[in-house]
Structure formats: C-alpha cells, structure tokens
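Below is one structure, written out as structure tokens, with a few remarks after it.
The values are calculated or read from the model by the stated rules, or taken from the named source; none is laboratory data. Note that the structure is a prediction, hence the values are computed from the model and not measured. When we count neighbours, we look across all protein chains shown, and the Cβ atoms used for this are built from the backbone with ideal geometry, even at glycine.
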Amino acid sequence: MTSTHFNAGRAGMATGIRPFDVGRDLPQVTELVREAFAQELRETGSRPLHNAGLYSRLHSFLRSEPANLFSFMRMFDGFVYVDRGRVVGNVSMQKLDSFGHRWQLANVAVAASHKRQGIGSRLVQAATDNLRTLGAKHAVLQVRTDNLPARNLYAKQGFKRLGGMADLEGRCPLQIGPRPSNPAPISALPGEEWQQMLDLARVQVGGHMQWWHPIRPGDFVHDWPRRAGEWLGEALGVSSVTRFGVRLGTERLATAIVLRSAHWKRLHRVSWWTRPQQYGQYEDGMLDALAGLMAAQAHCRLHVQVDADHHQAIEGLTAIGLRAKPSLDTMRCELTPERREPAANRRFRLRP
C-alpha cells in the first residue's frame, strides 16, 4: 500500500485519511466498529472484536518474525480517518484472489460524532483509488438491505447491487392456512438427482452473484459418504434430510426445498431454490408441503434461507409465522483505471 505523507511534527494533531496501522490503530478501530455495528453484534456476537483485541496485543510479538508479520499485516489492509489523533473512520480491504483482481471492502464505519461530514464517502473513495493503483478490477462489499444511507453512499461511488439472500426464522408449530385450491405437482426428490438441484441453484443465483459467492458442487453432490451419513442419522433418529419440489419435464426443476433436521438440537434448516421465471407460481404448494412436514415438530426452531428477490416466498413464510432477519445485499464496483492521483498519496489536511 502506498504510504501517506504528512507533517511528522504535527502527526498527533493531523486530520485526514491515512493507511491503517495495525499496531497503532487496531484498538481504536475495534471500539469504532463496536459502536458502529452495535445492533449486528447483538445478533451475531462479538467474537470477531474479541479476536481483533487479541491481534492488537500480539502485534508487538509478531513484528519480531518477518514472515508472520507479512501474513498478519495483509489481514488488516485499509484506511482510517483521523481527527486530531483520534480514529473516527475506517475502511478495511481484503484480497479475494491470488491475482489481486478482486477485493472486498468491509468495516466501513464512522463515529457517531462525525457522521454526515462525508468521511465515509472519502474513505470508500480512498480505498477504491488505492485498489486501482494495485491493478484491481473489482471491489465488492455487503450492506444491510435496510441501511439506505449506506446503500446510497455506495451507489454514488459506483457500486451496483448483485443480489442477496434472505434469512427467516421462527418456531413450530407453524400457522397453517387454508389448503391451496390448485395444488402444485410436488414430488419427493431423491438425493441422486443432486445435479438437477445444483443446476437450479446456479440458475437462481445467476452469474454475477456466483462471481462473489460461487455455488459449490460439493454442497449438493450425493456420493456414498453422504448417503451413508444420511442413512445413519435417520437410523439413529438424530438427523434427517428431506428433499421435495416441482419438476419441469424430466431433467429440470422449477423449485425445490431441502429440509435438514437436527432432531437432537430441535433445529430445522431449509434451503429454498426457485427459477426466477417461476416466481409466483408454486409458493402456496411448497409452503403447504413444508408446513405439513413441520406439523408434528412442536417447540422446534426453523431457519429458512431464500433468495432476497423471491418476494412471494418471503411473504408466504412470514404469513405462516416466520420472522425475517436483517439481510445483506452484495454490491460490486468496476474499478476502471483513472488518471487522478491515488488518495493514498494525498497529504493530511491540517487544521490551523
């Protein structure tokens, strides 16, 4: 990362953007992220921040081992915004491939006392400018769907939405409504048809989202170790896997659900895939089948993941008693070369 130049004699009073320094900045950035993402931390836990604090304490030790320090430092690329020695803004950068063509921006945070001053926008601009100098082609980030100010900020910086997944959760029994008047031709799907399930998932996710989060065949393949594991789990009564959906001919699926039940945890997880062209056609029948399977599972937790653009499924799941959790959208920016000077080379603007 290109270094930032500033007046060393007034470094403690400097105000502006400079590269993140893990030894000097990590404790302040940890607290900044804790403040900025307080709600998310209540939902997901603060383990990452605990680890960050540990890293900051290990920094002085790792500096004595150059090989370890290089790998360690690469975890914390980014920029901070400093106001008279205090870190009030941060953006982190992480390389996603060995060629350095794809990078992720994360932990874009600004202290509450310094919001609405353009600091977040300047930090994102500094990061993308720096990535252009490194030869990167794309930057990607994730943002909560309900965080409209952040979404607008990223859109102004050239980020475009790729897609996202919605998570819903609730407890059984579900609120079963009236049976569909024209039930869909739902059938059980054997595990041996995993290739059709994989093709369905790839069609729904689309090429742009697979660029960020590729669909892995290993998550679908139904080889003999997986078959043996599912058989043993059912035989012992500790777990089960149920697959059902609607076929389009003999070689394609219109929609499919995989229900994975950990009976000993009283936890059921659902993955629901649908071709976008089939949205609005089979939701009632699929929900009716799911509710029927869960009818005897009292006091169990149910977690469902579905494409965030499949609004009919989300509305139906909400109607039977599930609650939508805050979800993340993925956004991407094409990093075309520019002639402007990289932000990392710009001097601090010092206050008089």
Considering only helices (runs of 4 or more DSSP H) fully contained in region 1-105, which possess at least 3 residues that are modelled with pLDDT of 75 or more, under 30 Å from residue 138 (Cβ atoms) and in contact with a Gly (Cβ under 9 Å, 6 or more places away or on another chain)? 22-36
Among the residues of region 261-276, count how many are assigned to a strand (DSSP E or B) and closer than 21 Å to residue 215 by Cβ. 6
Residue 301: surrounded by 14 or more Cβ atoms within 10 Å (Cβ to Cβ), of a type in the set (Lys, Arg), touching a residue at least 60 places away in the same chain (Cβ under 8 Å) and in the same structural domain as residue 200 (by TED's automatic domain parsing), yes or no? yes
Among the listed residues 150, 139, which satisfies the condition of being more than 27 Å from residue 292 (Cβ to Cβ) and either of a type in the set (D, E, K, R) or part of a helix (DSSP H, G or I) (or both)? 150
Subset tally (residues that are surrounded by fewer than 16 Cβ atoms within 10 Å (Cβ to Cβ) and either outside the structural domain of residue 78 (by TED's automatic domain parsing) or under 25 Å from residue 165 (Cβ atoms) (or both)) for region 107-134: 0
Inside region 220-241, can you point out the residues that are in contact with a Pro (Cβ under 9 Å, 6 or more places away or on another chain) and hydroxyl-bearing (Ser, Thr, Tyr)? none
Can you tell me which of (1) more than 24 Å from residue 195 (Cβ to Cβ); (2) in contact with a helix residue (DSSP H, G or I) (Cβ under 9 Å, 6 or more places away or on another chain) is the one residue 248 doesn't meet? (1)
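Yes/no matrix, rows are residues, columns are (1) surrounded by 17 or more Cβ atoms within 10 Å (Cβ to Cβ); (2) part of a strand (DSSP E or B); (3) within 27 Å of the chain's Cα centre (by Cα):
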{"site": "221", "(1), (2), (3)": "no, no, yes"}
{"site": "225", "(1), (2), (3)": "no, no, no"}
{"site": "231", "(1), (2), (3)": "no, no, no"}
{"site": "242", "(1), (2), (3)": "no, yes, yes"}
{"site": "253", "(1), (2), (3)": "yes, yes, yes"}
{"site": "256", "(1), (2), (3)": "yes, yes, yes"}
{"site": "259", "(1), (2), (3)": "yes, yes, yes"}
